[in-house]
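Some notes on the structure that comes next.
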Amino acid sequence: MSIRTNTFAKMIIVLVLLLIPILVLYGLSNRISVSVLSSEIRAMKQKDLRFLASEFDTSADNLSTMAFLLSEDIHIQELQHLPSIRTAYERNAEKSRMLERLRLLNVAERWDTQYSVIAPQQQDIVSTNPRASFDLEELKRIATSRWQYKEMKVGSRMEYRYVRHIVKPESMRDRIEQAGLVVEVSFPKDLLVKDLDSFKLGGQGDPFMVLPGEQLITNNSADLDKIEELAARMGTENILDQDSTILKLAGEQYLVHAVHIESLDGYLVDYVPLEGILQPIVRSRNLFYGSIGLLLILSLVAVYLLYQNVQRPIWLLIRNVQRLRNGEYSTRITARPNNEFSFLFERFNDMASDIDQLIHKVYAEQISTREATLKQLQSQINPHFLYNCFALIRSLARLGKKEQVMDLAMHLSKYYRYTTRTEKTTAALREELQLIESYLEIQKMHIQHLSYEIRVPDSMLGLEVPRLFLQPIVENAVIHGIEKSAADGLITITGEQWDRYNSITVEDNGVGITDERLSRLQKDILVPPTDKTGCALWNIHQRITLQFGSAASLEFAHGQSGGTAVRILWPREQIVDAEPSG
């Protein structure tokens, strides 16, 4: 009994001694909690702000894309040729059809947008604004190739709006009076103010936008005094160059966040008071000190019972688990305590006897899992462009272009004959390139200014590669590079071999991407895709590493012609000669 009492006394002494470092550690923990909470609030606020900035970017990019599509629309381009139409009635009817197309686009967009199609040489205009009229000097004054916040004439009054112009041909941008067609798209700041108001609801922030020239766009309930003070300090304290910073405004500390809106050439800024953020930490600290005394008394009563009925059986279980971990699968627990641990010990013994059988099953299943993973990854290739092909066939058939319909049907047949073959996860590089040729020939019918070159040595044509490992890259080059550029598009596919590696490079001369986007792409292919990120590039990276090992890689860089270059690199394990031609 004296031994038991001595052990119990020791545990009480240890518990009391532990209380002192616990209190010290809590003080440190409280300080860390303040720091962590501030960091989390920063991260969450920055995430929300980036989401809103992304919404602005997406809406602006969608409007830009609509403007590009309008400039390429053969029906819209008829505005240049209206004088050749014989009667005024037919001319008015044609303009009415154009106006109807513009209004349909406006209805489909999230923002209330003004579209105008201008033919400078004919001094004519079709616009969703019924008060719009042709004004060459006004057009020259506000003409811009990117989104800019300008004061422009809307009917009989002047109004600040975001505006952008697409000029056809692009070479006439500096001589806009000689351009064949100009597509103008603009929207008022009220749309941005509405989104800022929605963002502010339910939060403690006060979002606003900072534009070049220290122009401000604020929400309707903004604290203008604080915003003006904050805006005045932005230039001197480099606030816009940081994701977040802490500033003192009107005697109170605020957490300030800033996110760049690339398409609109501005910054989205929000600021929240720190005092409201840290209030839960203060309440938590007071609650802790009050409850720690009560818990200490109750723990002294429970410590002895826990030691006898829980601690010793747990150590027994841990010791045998460690033996099992070291490979001693014959280990068993023979003790039978008269409590719940009896059930755990029985289940442990059953588990130990099952592990040896499961190990052999897992090894056998890994082989079939690897094969199933390859087929599952291959099935993720997105066939969405099939719908566009059907629409293109319908349009060509309506125009009576029989030969083009036959060519398109042939290439589409080759494309889907290849992509729907799932009995084999690999193919010769020659077959993959034939698929790419069919795909690009289809796209050439849709995009008039697209061309391509394939320069792959014969020694590489017989190499076994994952099926469909080039098509998503070429599709990205067409959609994100060539389609968004008004200039002639060129896609180059180049194959190279070195002593230890093979490589295929897909390069376009399109609009290109930023260094930040390149870095983000390189990181995104290393983590599984989410609802907000695409899976095609991750898919390719997974399949080349599954087939060729960790030495294979997917790399992104700026192209020599201003676009984007994507290179697939894999080890040259063996050289497979090309099949003889003819």
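Annotations for the structure displayed:
- Alpha-carbon centroids, the stretch 430-454 and the stretch 37-53: separation in whole Å: 43 Å
- Residue-wise HN-Hα coupling along the stretch 243-254, computed from phi with Karplus coefficients 6.51, -1.76, 1.60 (Hz; x: Gly, Pro): 5, 7, 7, 10, 10, 9, 10, 6, x, 10, 7, 10
- Three-way shape label, the stretch 435-554, alpha-carbon gyration tensor, a/c 1.5: oblate
- Under 11 Å, Cβ to Cβ, from R567 - net charge with Lys/Arg +1 and Asp/Glu -1: -3
- Dipole-positive endmost among L470, L63, C389 within the chain (Cβ charges, Cα centre): L470
- Computed with a 1.4 Å probe over protein heavy atoms only, the accessible surface of the stretch 11-109 comes to 62 Å² per residue.
- Residues in the stretch 163-232 average 45 Å² of solvent-accessible surface per residue, probe 1.4 Å, ligands and nucleic acids excluded.
- Degrees between helix 515-524 axis and first principal axis of the chain (Cα, 0 to 90, nearest 10): 50 degrees
- Taking the longest Cα principal axis of the chain as reference, the axis of helix 402-419 is set at about 10 degrees.
- Structure-based [θ]222 nm, the chain - -39500 (n - 2.57) summed over DSSP H runs of at least 4, per residue, nearest 500: -17000 deg cm²/dmol
- The translational diffusion coefficient of the stretch 146-238, from Stokes-Einstein at 4 °C and 1.567 mPa s with a Kirkwood hydrodynamic radius over alpha carbon pairs, comes to 82 µm²/s.
- Solvent-accessible surface (1.4 angstrom probe) belonging to R520, in square angstrom, nearest 10: 110 Å²
- Of every Cα-Cα pair in the chain, the percent that sits beyond 44 Å: 46 percent
- Cα long-axis angle, helix 88-108 against the chain (0 to 90 degrees, to the nearest 10): 10 degrees
- Around E483: net Lys/Arg minus Asp/Glu count, Cβ-Cβ under 13 Å: -3
- Dipole in debye (nearest 20) - the chain, about Cα centre, beta carbon charges: Lys, Arg +1; Asp, Glu -1: 1900 debye
- Along the chain, counting only GluC sites (Glu not before Pro) with a DSSP assignment other than H, G, I, E or B and at most 13 other Cβ atoms inside a 10 Å radius, the longest segment between sites is 1-213.
- For the stretch 435-568, with +1 on Lys and Arg beta carbons and -1 on Asp and Glu, the positive-most of Q497, S485, Q522 along the dipole: Q522
- Cα gyration tensor category, rounded, prolate or oblate, for the stretch 69-141 with a/c compared to 1.5: oblate
- Fraction of accessible area attributable to carbon and sulfur, the stretch 472-566 (%, probe 1.4 Å): 51 percent
- Cross-link partners of K401 among lysines (Cα-Cα below 19 Å; sequence separation of 8 or more within a chain): K444
- Exposed-site-free run, longest, the chain (rule: chymotrypsin sites (Phe, Trp or Tyr not before Pro); DSSP loop; at most 16 other C-beta within 10 Å): 135-328
The values are calculated or read from the model by the stated rules, or taken from the named source; none is laboratory data. For clarity, every value in this text was computed on a predicted model and none was experimentally measured. Cβ atoms come from the backbone with ideal geometry, glycine included; neighbour counts cover every protein chain shown. The area values use the complete protein model at the heavy-atom level, side chains included, leaving out ligands, DNA and RNA. Shrake-Rupley method; radii C 1.70, N 1.55, O 1.52, S 1.80 Å.
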